[in-house]
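Novice: Questions regarding the structure given below will be posed in turn.
Just so it is clear, none of the values below were taken in a lab; they were calculated from the coordinates. Since this is a predicted model, take the numbers as computed values, not measurements. Here the Cβ is made from the backbone with ideal geometry for all residues, glycine too, and neighbour counts use every protein chain on show.
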Amino acid sequence: MYQWARELFPLCRSLTGEGTRQTLRYLQKMLPGMRLVEVPSGTRAFDWEVPPEWNIRGGTIADAQGRVLVDFADHNLHVVGYSEPVDRWVSREELERHLYSLESQPDAIPYVTSFYERRWGFCLTHRQREALGEGPFHVVIDSTLQPGSLTYGELLIEGESRREVLLSTYVCHPSMANNEISGPVVTAALARWLLSERRQLSYRIVFLPETIGSIVYLSRHAEEMRRRTIAGFVVTCVGDERTYSYLPSRRGDTLADRVARHVLKHHTGHYDAYSFLDRGSDERQYGAVGIDLPVALMMRSKFHTYPEYHTSLDDLSMISAKGLEGAYQAHRRALEVLEHNARWRTTVMCEPQLGRRGLHPTLSTRDGCRRDLRVKAMRNLLAYADGSLDLVGLAEAVELPAWECMPLLTTLEREGLVVRVCEGDGAGEQGREAFGE
Amino acid sequence: MYQWARELFPLCRSLTGEGTRQTLRYLQKMLPGMRLVEVPSGTRAFDWEVPPEWNIRGGTIADAQGRVLVDFADHNLHVVGYSEPVDRWVSREELERHLYSLESQPDAIPYVTSFYERRWGFCLTHRQREALGEGPFHVVIDSTLQPGSLTYGELLIEGESRREVLLSTYVCHPSMANNEISGPVVTAALARWLLSERRQLSYRIVFLPETIGSIVYLSRHAEEMRRRTIAGFVVTCVGDERTYSYLPSRRGDTLADRVARHVLKHHTGHYDAYSFLDRGSDERQYGAVGIDLPVALMMRSKFHTYPEYHTSLDDLSMISAKGLEGAYQAHRRALEVLEHNARWRTTVMCEPQLGRRGLHPTLSTRDGCRRDLRVKAMRNLLAYADGSLDLVGLAEAVELPAWECMPLLTTLEREGLVVRVCEGDGAGEQGREAFGE
Amino acid sequence: MYQWARELFPLCRSLTGEGTRQTLRYLQKMLPGMRLVEVPSGTRAFDWEVPPEWNIRGGTIADAQGRVLVDFADHNLHVVGYSEPVDRWVSREELERHLYSLESQPDAIPYVTSFYERRWGFCLTHRQREALGEGPFHVVIDSTLQPGSLTYGELLIEGESRREVLLSTYVCHPSMANNEISGPVVTAALARWLLSERRQLSYRIVFLPETIGSIVYLSRHAEEMRRRTIAGFVVTCVGDERTYSYLPSRRGDTLADRVARHVLKHHTGHYDAYSFLDRGSDERQYGAVGIDLPVALMMRSKFHTYPEYHTSLDDLSMISAKGLEGAYQAHRRALEVLEHNARWRTTVMCEPQLGRRGLHPTLSTRDGCRRDLRVKAMRNLLAYADGSLDLVGLAEAVELPAWECMPLLTTLEREGLVVRVCEGDGAGEQGREAFGE
């Protein structure tokens, strides 16, 4: 994953344009079945409209001597996203109105965009800004803002059931690592794992520009998604090693939330739990009133909370193979739990006699059973499997990770001691409705 | 308000009698539409009966030399409330059986009453008692206990809706300030504010003697009040500056409770939360089994909890204009919240594009949106306005005072981004029933 | 009770056999109406089968000189429970495979059994084991394992109502005191108290071997018990003075749980609250999926948690008359609460006038009512008795022990101020179903 991140990092992604399209084509190559969808500029989507397509070839600030002081070629954050073309001489005073830097982080180039209002501007480190000189300056932005299209990638994986899980990640940020290139690469790795064998559930995996992309996608698919989705995750900020973060759905108790909290509790010792008030990415749309999809987030360092966020400091040194792997494993475990999230019911009245099945020691000593955690776990699963709890609920009841319960339940099922009541979902009204079952 | 309190303070109020009647007439003058109701002695009211009317002109303890040692003219707490007339010479020993003082507060005259058992008695400071001398004493109480009537004041303000809010305060305590004269004056100020313009809700405002007054009133109006009342407050102990106190309804989760807690949380940093087990005023009747009105209390220093309570030390120095004003504002905010307590619903799918409406910056920088709290608040209101939350619930969800949400919702409503689902009440079964809507 | 414990302590109880039968006959003598039931070996019960009957007359390890090193006559824990007969010479090495001792408690003989797998073995102190010498050894166990029967005792006490309470205790452990002989003697004392007069509820009291006994019993009576049982307690570990412990039902909110927690809170300052995950006795069966009886435990030191548990150190010095009495009183209070667990409703609107009934002081002074806790309690009971709360709920609401509320409610009932709404149970669906009422 780290290698993919390294290769995708330099592309100049934005809401639209060739950088985003190249990123999607790179991912398409490793994900059979993924299709790229082009949505023309001007297309209406709920309260929004697809903006013109933006492409950029270069951008410089030069002084009177022709020395290039700031150059898009050095870092694609140097030009404000969606800058209109410009080519003229400006005074220092006029230039100032088009410059963005961070006094508190003098070596960072900030990330600034103006998607829906025509502007041009440069982002630079505060040190660069202070060293600019008196001017005049020759500013050139070689960009185009023309009718074109917004591009997103969609991979639908059909499983045994029509119930589906959503993975959504975004591909609209230029060269930044934790937010955002970690998201597409972890999502791609999850997609490859999902494609590796036939699954119980169906999966809808989308790579799209943030906000406008998910709004466009929902304007076309919300109905179907509301019927089918039992859980979903926005995959973002999944590359660093600092911490784990959980951001809930608005309701906070959907299957996605329950799975996310269960996985994070057992996958990592401590995680930061946020509120839906702290939302910031496409969960804003998936969780909007009237959309109401059960979508939660399992992140490493959350957007808005780490100092490198939305600056050039969020570079490849911010993320690591280990950081990406940890987030990948957390999501993969969540998907495994969803795949096996049946409701179980004990078939015998009173405790079964595990001893004659070789599942329990036949000698009773004081300290024997307590040491044998596997036996204890099986007895607890039998005691709590009353048909009302799904796998997550059962695992929480017996205070074990769901992935440790799964093989024990399989053993008990083989012995005829437990049965699946139904392929439960735990998502309540919404979930059952989603089944068409 | 403090001036009104000063003028009403000296009157000798009791369950019945001229002191109470004068108090009510004073209030009537400033409250157009308020009517005074006389209920004859002997009238049955649930388990009770209106007692005889008590009036008192004077009361003294004098010694053999004719020196007046204790005089009702000095302080109307000196005579036990509802004392029967007496005029005779008694020994020190006999007098002792009719004296009440507080050894722990030697300068305080305690407040003592005997409403339903014929007695006579004097209350005095412990220092006075110790200085009385050997006797004999000439005790005179020039009072009458005769058939007459109990008097209460009632102000009904009709609004757009038949749903109504109850404000209840009592007028039966002689010269004491926080408990009680603060209650009638704050209630009168609220009534004047309510009368100043046409309101959405109707209001029932009653000034009555505690316990027997509310029981008599409920015996006549409980049916109608149960149908119409969405929330109510007993206004008492609202004059000092020490603290704020909240006393819930028995259920603890009525609209009155939710509004009271919300207002106190944002109106004041800290408040003391009591249990319905700590009740003591007319909430005992409003919250009684079978009456079950949604009534809560927002007090300053709660009855029974401050050392001056029910003594002559609870005088005009105990309360202040600032103390009264704080309580007035808290109640007024509660009424404003009730007036606007609709359920709101976002009208667009996904987030609306606030930028093109001038409600959101068009330039996206890392720290921009986070600084603009107004933008953040609007986005949160849109995200949580799912039609299930009333204004209080919505304000709690977005962690803002309701009175800060109200203008933002008005802005969003004007833009067509939110609508009122119905004039919600949040009071559940009882409330909806109350609407007749 | 301590005297009974002393007499029953030496008997060699097991799942089956004469020791258990003698214990039951001893209890039968003091409990008129108790019957002993014999269940033949081989009888099927759910997933189990009644094992052969085990009887033992002696067991020794002797050395070549004929010196007896370990002797069942010294302590009946010396032979592994259900040991098959043996009589032969063995080497030290072979003997080792049949020895059980505790290195960490060198003076304790551990309690070991092998009910469902044929074995023989000796338990001894670690000091004994270290002093055994080289061998060879002559091992003799004079036992029989033959078709016979499992024996249990059942006492059904019919009350006014068909609703019933279960008391279950076990009689299968050899000479150990807190676990187990405390259980049968406290249960017997409770049964004698229940038999002393006609009761409102019916009682099902069973003395049976742990696990197989309750499974056999449930295989015959579960249907009826599910219909009738409103609450039950497994009586075990009720003899020492160290602490009180509470172990809930799986659901944790049954009437048995609510009563147990209420009693323990008021009966003792602090108690240890466990989870159903910590279960270990017959609550495993009563609370099993499909059985689902509302059964909780009020123990002194809980099984598995004290160092003497399941060793010879759990002897008569571990328990005391005072320890037994404390547990007896806790259970008796629980049964008293269940007997009186009606729902109460106040009959008058608003507060009744307690003064004219002599239940309230007629003189109102500041500190008067607050001192009179009885008056305060009555007023609170009237305020909360809304017909929705059973006695436990009402007592919790007014923050008093149910047994202090009972006489006050009787007084109020005599005055016509409260009525019983129905003989409530608080057990929800299950309980109401149980009434057949």
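Novice: Using the alpha-carbon centroid of each, what span in Å lies between the stretch B:50-116 and the stretch A:312-328?
Specialist: The stretch B:50-116 and the stretch A:312-328 have Cα centres separated by 84 Å.
Novice: Taking the label point 7 Å from Cα in the Cβ direction, how far apart in nm is residue B:107 from each other copy of itself, listed shortest first?
Specialist: Those separations, rounded to one decimal, come out as 7.0, 7.0 nm.
Novice: Let me ask another. Quick one: what are the phi-derived ³J(HN,Hα) couplings along the stretch A:206-216, Karplus 6.51/-1.76/1.60 with θ = phi - 60°, whole Hz, x for glycine and proline?
Specialist: For the stretch A:206-216, the Karplus curve yields 10, 10, 8, x, 4, 6, 4, x, 6, 5, 4 Hz.
Novice: Take the alpha carbon gyration tensor of chain B, find the square roots of its eigenvalues, order them as a ≥ b ≥ c, and report rounded if a/c is under 1.5; if not, report prolate when a/b exceeds b/c, else oblate.
Specialist: prolate
Novice: Which one of C:230, C:291, C:215 has the biggest mean-square fluctuation once chain C is modelled by GNM with Cα springs under 10 Å?
Specialist: C:291
Novice: Now for a separate question. Counting Lys and Arg as +1 and Asp and Glu as -1, each charge on the Cβ, what is the dipole of the protein assembly as shown about the Cα centre in debye, to the nearest 20?
Specialist: Once rounded to the nearest 20, the dipole reads 1260 debye.
Novice: Which residue fluctuates the most in chain B, going by a Gaussian network model with Cα springs under 10 Å, if the choices are B:328, B:116, B:217?
Specialist: Among B:328, B:116, B:217, the largest GNM mean-square fluctuation belongs to B:116.
Novice: Here is a follow-up. In debye, nearest 20: dipole of chain B around its Cα centre with unit charges on the Cβ of K, R (+) and D, E (-)?
Specialist: Around 1600 debye, computed over chain B.
Novice: Look at the axis of the rotation that sends chain A onto chain C, then give the chain A residue with the nearest Cβ and the distance in whole Å.
Specialist: A:253, 11
Novice: Oh, and also: List the residues whose amide H sits under 5 Å from the amide H of residue C:150, counting only those 5 or more places along or on another chain, with H placed 1.01 Å from N in the peptide plane.
Specialist: Placed amide hydrogens put C:39, C:41 under 5 Å from residue C:150.
Novice: Okay, next question. Mind checking A:211-220 for the average number of partner chain beta-carbons within 10 Å of each residue's beta-carbon?
Specialist: Neighbouring Cβ atoms belonging to other protein chains average 2 per residue here.
Novice: Other chains near A:282-289: what is the mean number of their Cβ atoms within 10 Å of each residue's Cβ?
Specialist: 5
Novice: Can you show me the helix-derived [θ] at 222 nm for chain C, built from DSSP H runs with n ≥ 4 at -39,500 (n - 2.57) apiece and divided by the number of residues, rounded to the nearest 500.
Specialist: Helices in chain C give a 222 nm mean residue ellipticity of -9500 deg cm²/dmol.
Novice: Follow-up question, since we're still on this one. Once phi is turned into ³J(HN,Hα) by the Karplus curve 6.51 cos²θ - 1.76 cosθ + 1.60 with θ = phi - 60°, what whole-Hz value does each residue of the stretch B:129-139 show in order, with x for glycine and proline?
Specialist: 4, 5, 9, 5, x, 7, x, x, 10, 9, 9
Novice: Treating the angle as unsigned and between 0 and 90°, give the value, to the nearest 10°, between the Cα long axis of helix A:321-339 and the longest Cα principal axis of chain A.
Specialist: For A:321-339 against chain A, the angle is about 50 degrees.
Novice: Next up: Placing +1 at every Lys and Arg Cβ and -1 at every Asp and Glu Cβ, with all other atoms neutral, what dipole size does the stretch B:343-425 have around its Cα centre, in debye to the nearest 20?
Specialist: So the dipole magnitude of the stretch B:343-425 works out to roughly 460 debye.
Novice: Pairs to check: A:265/C:302; C:265/C:322; A:302/A:322; A:265/B:376. Give those whose C-alpha atoms are more than 22 Å from each other in this structure.
Specialist: Beyond 22 Å between Cα atoms: A:265/C:302; A:265/B:376.
Novice: Still on this structure, I have one more. Place a point 7 Å from the Cα of residue C:253 along the Cα-to-Cβ direction; which residues of the stretch A:248-286 have their backbone N under 19 Å from it?
Specialist: Output list for this probe position: A:253-254.
Novice: Okay, moving on. Can you work out the Karplus-derived ³J(HN,Hα) for every residue in the stretch C:377-394? Use 6.51 cos²θ - 1.76 cosθ + 1.60 with θ = phi - 60°, whole Hz, and x for glycine or proline.
Specialist: Once rounded to whole Hz, the list reads 5, 5, 5, 5, 4, 5, 6, 9, 6, 9, x, 9, 9, 7, 4, 5, x, 5.
Novice: Fewest first, what order do B:313, C:247 take by the number of other Cβ atoms within 10 Å?
Specialist: By the 10 Å Cβ count, ascending: B:313, C:247.
Novice: On average, how many beta carbons from a partner chain sit within 10 Å of the beta carbon of a residue in B:341-352?
Specialist: For peptide B:341-352, the averaged partner shielding equals 5.
Novice: Continuing with the same structure: Tell me which residues come under 5 Å, amide H to amide H, from residue A:161 once H is placed; ignore anything under 5 positions away on its chain.
Specialist: A:201, A:202
Novice: Between residue C:291 and residues 5 or more places away or on another chain, which pairs have amide H atoms under 5 Å apart, with H built 1.01 Å from N, and which residues are they?
Specialist: HN-HN under 5 Å from residue C:291: A:350.
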